[in-house]
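The values are calculated or read from the model by the stated rules, or taken from the named source; none is laboratory data. Predicted model, so just to flag it, every value in this text is computed and none were measured. Here the Cβ positions follow ideal geometry from the backbone for every residue, glycine too, while neighbour counts run over all protein chains shown. These area figures cover heavy atoms from the full protein model, side chains too; ligands, DNA and RNA do not enter into them. Shrake-Rupley method; radii C 1.70, N 1.55, O 1.52, S 1.80 Å.
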Amino acid sequence: MSKLVKLIIYMSVLFPILLKAKTDFNGIIDNLSNTKQNDIAVQDYFLLANKNISHPEQAKKLINKAKIITQKIDSKNAWIKFYYEAGKIYSSMNAYDLLSDALLNEYQFYKDTDLQRKYLIESELGVLYANLKDEKTAAFYFEKLVKHYSTTDQYVRYALAISNLAGQYSKNPQKALGLYRASLQVLKKKPNDELKSILLINIGCIYTQLHQPNKALDHLNKAKALVTSKSDKDVIATLNLYFAEAYHKNKDLENALKYALQSENNIKYLIPADQKNLIKLMHGLYEEMQDYKKASDYFTKYIATVDQLKTEETILNVERVKIHYNNQILQQSEELKTNKQKLYISLALFILIFIVLVLIIIVNRNRNNLQKIKWENELKKHEEIRLKQDLEIRNKELALKSIKETEQSELYQLLLGNLKEIESNLQEKEETKKTVGQVIRTIKQNSTNNNWTEFEMRFANVYDSFYNKLNKIHPDLSTQDQRICALIKLNLTTKEISNITKSSVRSIENARTRLRKKLGLTNNKIELSKYISDF
């Protein structure tokens with residue numbers, strides 16, 4: 001049976017089921033409106049919405065149904081319950097704009113009270129705006145919490161509020177450092193090792209930013225003493241990352257790489273920004289250790305991570321614009337009842353913000369493309385450096401082999417001379433003389449190997465077209481001239497060439513002068529080595 005026939009059969013079976021499911025779903029919604037009484041109907045809509053969190057549009061539709069019923073009830077308690085339940089679902093869906101709207105509406109019922117729910121909402125709003133990178137608004141709510149808990153005996157909540165406030169001063173590390181220290185002082189009244197370890201980790205991070213790695217390591221080690229195998233993996237991963245950064249600042253590359261690798265084992269538990277910082281750090285470490293292959297691999301990962309963060313940042317920008325707009329609508333809702341003109345202004349403002357956002361996205365996309373091209377060029381540069389280093393190594397190996405063989409030939413000649421002298425002194429000892437003669441013949445046989453022929457063969461394996469190009473442009477060069485050119489191609493000095501050819505330095509200098517003349521460089525400022533290296 002063909003795949004097409006199977007597909008048709010499956011669709012014929014599934015379609016009625018899917019159609020029935022859709023009909024049943026709509027039937028459930030209509031049935032709730034018609035048969036359930038107000039509060040029970042709202043509760044059931046929220047239960048259904050919770051089950052459909054993985055289907056955001058359906059969940060939103062169910063919440064809107066609950067809102068219609070709540071509007072019919074129109075009591076304070078009904079609205080408080082509606083916004084509370086809606087906020088929980090929006091939080092699970094990461095619908096930040098809708099979550100902000102629900103929290104702010106619920107907050108209106110508590111802002112003039114001293115109920116604990118008021119402060120929980122302020123904490124949720126602070127965390128929400130912190131996630132949206134709106135440090136100013138987040139700090140506004142965390143300052144409210146600090147002010148409140150400073151008058152209570154809830155020391156852990158007080159310390160946590162100060163810590164959260166410190167996190168909003170990323171551009172003012174000294175201010176953040178002072179707040180983290182204040183939070184540690186509060187914790188002395190009611191110790192909490194988990195929160196204390198997080199505070200010490202953050203202080204260590206700030207000291208690294210302030211180029212004080214020793215102080216950073218001191219606080220990180222204190223935090224390490226409080227962290228156990230049962231601690232959250234995100235805390236452990238972050239601690240190892242900050243250790244790596246501190247050791248890197250301290251020029252201790254070995255320990256920096258050790259902790260970076262440990263952090264990489266739990267990289268999925270790091271926040272996206274720290275994931276980017278870890279990959280960037282590992283690229284830098286391997287580059288400083290001259291492991292260019294791994295450096296290139298991590299540089300490629302870094303590019304992919306940055307692109308991903310840019311996408312997430314764009315999404316957050318959209319969410320911030322939505323929340324900003326929702327806040328404006330909320331603040332102006334009472335005035336819009338008597339003045340419709342303000343509604344038109346708000347709509348125009350939203351359209352303008354949307355246009356600006358589109359332009360920002362276009363500009364960021366072009367900027368990202370330019371940045372990507374820059375990174376690709378840097379990767380090419382790393383590859384060129386690696387190839388150049390490989391060539392230099394091969395040149396050195398070839399030169400060392402030539403010098404070794406020349407010295408071996410010289411040793412053969414020296415031994416041969418000494419043996420001949422011994423042979424001439426052996427007048428009467430025929431047997432010994434015969435043996436010495438055999439040794440002399442063996443040495444002659446080994447020393448007659450054509451070292452230059454072997455050298456030129458190896459040289460041609462590295463620079464296969466060198467001699468062909470040289471002979472094509474300068475056919476009148478002698479064999480000796482060509483050999484000098486080959487040695488110059490290997491970046492050997494005049495002294496090194498004289499050692500290989502067993503000539504004086506003066507002779508090689510004269511040979512280089514004659515070679516410049518034959519190559520037509522006499523009246524030219526081009527260096528001989530530079531000219532030959534182009535072949």
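A compact table of results
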read-out: Helices (runs of 4 or more DSSP H) wholly inside the range 446-535 that include at least 2 residues being of a type in the set (Asp, Glu); value: 451-462
read-out: Residue ID - least open to solvent (accessible area, probe 1.4 Å), chosen from residues in the range 73-105 that are over 19 Å from Asp44 (Cβ atoms) and among the polar types (S, T, N, Q); value: Ser100
read-out: Extreme residue, nearest to the chain's Cα centre (by Cα), among residues of the range 54-67 that are more than 14 Å from Leu98 (Cα to Cα) and open to solvent by 20 Å² or more (accessible area, probe 1.4 Å); value: Ser54
read-out: Qualifying residue in the range 489-496 (condition: among the β-branched types (Val, Ile, Thr), open to solvent by less than 70 Å² (accessible area, probe 1.4 Å), touching a residue at least 40 places away in the same chain (Cβ under 8 Å) and more than 18 Å from Thr453 (Cα to Cα)); value: no
read-out: Helices (runs of 4 or more DSSP H) contained entirely in the range 106-189, each with at least 2 residues that are surrounded by fewer than 21 Cβ atoms within 10 Å (Cβ to Cβ) and of a type in the set (Gly, Ala, Ser); value: 116-131, 173-187
read-out: Thr70, sole failed condition from (1) in contact with a Leu (Cβ under 9 Å, 6 or more places away or on another chain); (2) buried (at least 21 other Cβ atoms within 10 Å of the Cβ); (3) touching a residue at least 24 places away in the same chain (Cβ under 8 Å); value: (1)
read-out: Qualifying residue in the range 180-201 (condition: at pLDDT 90 or above, under 25 Å from the mean Cα position of the chain (by Cα) and not aliphatic (A, V, I, L, M)); value: no
read-out: Odd one out for Ile315 among (1) among the hydrophobic types (A, V, I, L, M, F, W, C); (2) open to solvent by less than 70 Å² (accessible area, probe 1.4 Å); (3) more than 16 Å from the chain's Cα centre (by Cα); (4) at pLDDT below 90; value: (2)
read-out: Subset of the range 145-161 (residues that are among the β-branched types (Val, Ile, Thr) and within 17 Å of Glu124 (Cβ to Cβ)); value: Val146
read-out: Test: residue in the range 171-188 that is within 14 Å of Ala139 (Cα to Cα) and of a type in the set (S, T, N, Q); value: yes
read-out: Residues of the range 237-293 classified as in a loop (DSSP other than H, G, I, E, B) and either closer than 23 Å to Ser197 by Cα or open to solvent by 60 Å² or more (accessible area, probe 1.4 Å) (or both), total; value: 7
read-out: Cross-chain or 6+ apart pairs with Cβ under 6 Å, the range 53-66 first and without any contact (Cβ under 8 Å) to a residue 12 or more places away in the chain, then open to solvent by 60 Å² or more (accessible area, probe 1.4 Å) and charged (D, E, K, R); value: none
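Per-residue answers, yes or no, for (1) in contact (Cβ under 8 Å) with a residue 12 or more places away in the chain; (2) open to solvent by 50 Å² or more (accessible area, probe 1.4 Å); (3) touching a strand residue (DSSP E or B) at 6+ places or on another chain (Cβ under 8 Å):
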residue	(1), (2), (3)
Phe466	yes, no, no
Lys469	yes, yes, no
His474	yes, no, no
Gln480	yes, yes, no
Glu509	yes, yes, no
Arg516	yes, yes, no
Thr522	no, yes, no
